[in-house]
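Trainee: This is the structure I have questions about; it appears just below.
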Amino acid sequence: MKLQEEDAKKIFFNDCIFYVSEKVYEPAEDTFLLAENLVVNENDVVLDVGTGCGMFGILAAKKAKRVVATDINPYAVSCAKANARQNGVLAKIDMRQGNLFESVKRNERFDVIIFNAPYLPTRESKKRSWIGKAWAGGKSGRAIIEPFLSEAPKYLKEKGRIFLVQSSLSDIDKTIQRFKENGLKAAIIAEKKFPFETIVLIRAIFH
């Protein structure tokens, strides 16, 4: 992918530049809510699920020891890889294509797992665009959130933490309860209100 291709939008955040091609989710309010509140330590190993243009993985790689970034969308993987190269952190990021944890090895463990989940309730469709896959969460908005909640704790190190973005339209209380059932202490650490929904950032810690 050429970073300066005509259909790519340019996004600035902190000291980074991100190019976003037309088949990749463009960073929006939910993206920036997480980006502004993401805390990564120097020796952390980080998993960025659904990396999109690679913003979270790249921001994490500025400080973390190593980052694995995954996405079901092959265009997103290419876009994120190009952006990682553009921002000088490609050597620290392992880009992989796969849905949720498909491309993660069973024995891999992470200090931090990041996920801006597809959380908007939507009618089921037999065929969906790559952009649609980034935001559509099925009838309840939880079609992707639920399997993520079931699998994510298996890949956390002791005292590892998860940063998850979702909407009030997809039952935040249920998510916090699911984390509790899996041995994590969860709380909302940031939120952004809109007329018809509130977007929240949940941090869950394995304790």
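The values are calculated or read from the model by the stated rules, or taken from the named source; none is laboratory data. Note that this is a predicted model, so its numbers are computed, not measured. All Cβ positions, glycine included, derive from the backbone under ideal geometry; neighbour counts span all protein chains shown.
Rundown of residues vs (1) in a helix (DSSP H, G or I); (2) of a type in the set (Ser, Thr, Tyr), yes/no style:
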residue	(1), (2)
25	no, yes
53	no, no
58	yes, no
68	no, no
84	yes, no
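Trainee: Every residue in region 111-123 that is more than 13 Å from residue 76 (Cβ to Cβ) and either in a strand (DSSP E or B) or modelled with pLDDT of 65 or more (or both), please.
Mentor: Those that are more than 13 Å from residue 76 (Cβ to Cβ) and either in a strand (DSSP E or B) or modelled with pLDDT of 65 or more (or both): 111, 112, 113, 114, 115, 117, 120, 122, 123.
Trainee: Could you list, in sequence order, the residues of region 1-48 that are among the small types (Gly, Ala, Ser), at pLDDT below 95 and within 25 Å of residue 164 (Cβ to Cβ)? Spell out the reasoning first.
Mentor: Initially, region 1-48 is screened for residues among the small types (Gly, Ala, Ser), giving 8, 21, 28, 35.
If we keep only those that are at pLDDT below 95 too, we end up with 8, 21, 28.
Hit for region 1-48 is 28, nothing else.
Trainee: Go through region 162-199 residue by residue and tally those that are under 17 Å from residue 50 (Cα atoms) and of a type outside the set (Phe, Trp, Tyr).
Mentor: 5
Trainee: Name the one entry in 39, 77 that is out of contact with any Ser or Thr (no Cβ under 9 Å at 6 or more places or on another chain), among the β-branched types (Val, Ile, Thr), without any contact (Cβ under 8 Å) to a residue 40 or more places away in the chain and closer than 27 Å to residue 105 by Cα.
Mentor: 39
Trainee: So which residues in region 9-20 are surrounded by 20 or more Cβ atoms within 10 Å (Cβ to Cβ) and of a type outside the set (Phe, Trp, Tyr), if there are any at all?
Mentor: Scanning region 9-20 gives a single hit, 20.
Trainee: If we scan region 167-176, do we find a residue that is part of a strand (DSSP E or B) and more than 20 Å from residue 41 (Cα to Cα)?
Mentor: yes
Trainee: Out of all the residues in region 87-105, which are assigned to a loop (DSSP other than H, G, I, E, B) and surrounded by fewer than 15 Cβ atoms within 10 Å (Cβ to Cβ)? Full working, then the answer.
Mentor: Residues of region 87-105 assigned to a loop (DSSP other than H, G, I, E, B): 87-89, 98-105.
Passing the criteria: 88, 98, 102, 105.
Trainee: Another question, if that's okay. Working carefully through the options 181, 158, 191, 108, find the one that is at pLDDT 90 or above, under 16 Å from residue 28 (Cβ atoms) and surrounded by fewer than 19 Cβ atoms within 10 Å (Cβ to Cβ).
Mentor: Answer to the check: 191.
Trainee: Cβ-Cβ distance below 7 Å, separation of 6 or more or different chains: which pairs start in region 91-108 with a residue that is more than 16 Å from residue 56 (Cβ to Cβ) and end on one that is modelled with pLDDT of 95 or more and of a type in the set (Gly, Ala, Ser)?
Mentor: Pairs that qualify, where the first residue is more than 16 Å from residue 56 (Cβ to Cβ) and the partner is modelled with pLDDT of 95 or more and of a type in the set (Gly, Ala, Ser), are 97/103.
Trainee: I'm trying to understand the selection: among the residues of region 167-177, which are at pLDDT below 95 and surrounded by 21 or more Cβ atoms within 10 Å (Cβ to Cβ)?
Mentor: Selection gives 167, 170.
Trainee: Across region 124-155, what is the number of residues that are at pLDDT below 70 and outside any helix (DSSP H, G or I)?
Mentor: Count: 8.
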